[in-house]
Amino acid sequence: MSQSSTSSGGPQRVSVVVIAYNDAGLVGAAVRSALAQGPAVGEVVAVDDCSSDDTAAVLDQLATTEPRLRVVRRTENSGGCGTPRNDGIAAATGAYVMFLDSDDVLPPGAVEALLTAAEKHGTEITVGRAVRRELPAGRDVRWQPGLYREAAVYESPEDEPALLHDTLCVNKLYRRDFLTSRHIRFPDGKFVYEDFVFTARVYAAAPRVAVVPELVYIWHVRRAAAQVSLSLARKDVANWQARITAHTEAVEAFRAAGRPALAAACRTKFVDYDLCLYLRELRVRDAVYQARWWELTRAHLAGFEAADVAAAAAPSRWLARVVLAADEPRDLDRLSQLAADPARLTPPYAAEGSTPVWADDLVDVPLDGFEALPADRLPVTVDATLLAGRRGVLKLRVHELYGRLAAAGAPTSADVEFVPRDGGESALTVTAPLRESDGGWSGQVPVSLARLAAYGGRGTQIWDLRVRLNTPAGPGARTAVRARAAGLRRTAVPGSRYGVLLVQPYRTSSGSLAVRLAPGVQGAFGVVGGKLRRLARTARSRRR
């Protein structure tokens, strides 16, 4: 490992550690976003993990004009993110340290917001709001929004166990002497989800924690990239196995530190978040993946205390109990629907006496807490079929849910919003009157697809459908509609504005209905060409 460039000298405030490997095209923007933070940043320590592209040259060139930039070069690739971050901690001279990945950026004022709170409250750890920015669309999705609605100071992580849900290491400012005196470091080498373990080690050391509501980190999500980030590479069951390994080490960090409450909260977080994240996609995996995933998950959950599972929210705890109760994968479509956000409990609705249960042959999995769920959190299922044509028609069927909907006031209508996938407000809302039908309610409403396309402009558009039930007493449950098999076919609709409108209703990985629109001949060719390119990539990956 070698270093080049020197810092400006004198006491430093914050050292921003940027790690990079074969990211010459993006690392410059990351480093510049850190340098642009102003005097709060005393130095930027860029660690090149033995890149084989021009990453080192880009960093060296920046260092010739930026005295606050120091470049650390590893002579051997570490295989992961933990080792270069550890090198950055060792090289840092600032009173505080912060981490930045080479394909992300810091928004203006991020470091100042964190540093001001840290110095005001004397906290060892200061955390702020992050967003996942979907590229190229630019849609921002807030990361763990409930934690960052307002400023707060916690004397110990036990005072707010929900902090454990934020496993990122990059939206946090760490007092460097706290890390070094307690020998807190990342797992070295090729360790996936190293930030899970690092964050657990930090909180196991009982820091005081300040929370700021300001945006402090922009996490870029490039789903179309040749090499996707680890958090998106979930198609291989090894990714799930790595996540379980990281979670196991995180729990062990709390146990070793004598913090059983945090160990229990970490296990509960696994049920509430990690399990749902992967379950909602499980039905689209192949049989080999499903069987192995089920085996790994059952073995991991078997080590949890019953209280850890019981402390999870409904319906997350129901999902965990189904996996524990069944020897082999089952009910994958129902499980994916219930793991979705918002959750949907789909038929059949079994009961043991007056107690709702998962299934007639799985009565030992009660849906405990169902009766206590508020009306707006009921896992209601609304089936939808979108029939495309000159006059589109949306057909709805609302399923009764153990009598809860009727008891709260039978729904009289449903407002359906078409929300752009790349962010923004709903562009079109239609209202379908509902009538009682076969133990539930049904209705239909015309949808002007040409009008919807006009809102989105030219180019391929993707619209998600969200529904809110209306009752005589006012607004009721909200959910995403479930796609039915009927109507899931591509249709070319003639129109005066674009000449032709290609309409493709489809089912998302979690079973929701979405619709893809391609206005004009050029847009239609773009959709077809995109499908051909995806097929070609799939064929190439299979040949490998």
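The values are calculated or read from the model by the stated rules, or taken from the named source; none is laboratory data. Keep in mind that what you see is a predicted model, and the values were worked out from it rather than measured. Cβ coordinates were reconstructed from backbone atoms using ideal geometry, including for glycine residues, and neighbour counts include every protein chain displayed. The accessibility values were calculated without ligands, DNA or RNA, using every heavy atom of the protein model including side chains. Shrake-Rupley method; radii C 1.70, N 1.55, O 1.52, S 1.80 Å.
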What longest range of the chain stays clear of loop-exposed GluC sites (Glu not before Pro) (DSSP non-H/G/I/E/B, at most 14 other C-beta within 10 angstrom)?
-> 156-304
Round to a whole angstrom and tell me the spacing of the C-alpha centers of the range 191-217 and the range 9-54.
-> 20
Å² per residue, accessible surface of the chain at 1.4 Å | 43
Multiply the residue gap between Val288 and Arg458 by 0.36 nm, knock off their C-alpha separation, and tell me the result in nm, one decimal place.
-> 57.1 nm
Find the lysine pairs in the chain meeting two conditions, Cα atoms under 20 Å apart and a separation of 8 or more places or different chains, and report how many there are.
-> 4
Okay, helix-only estimate at 222 nm for the chain: each DSSP H run of n ≥ 4 adds -39500 (n - 2.57), divide by all residues, round to 500 deg cm²/dmol; what do you get?
-> -9500 deg cm²/dmol
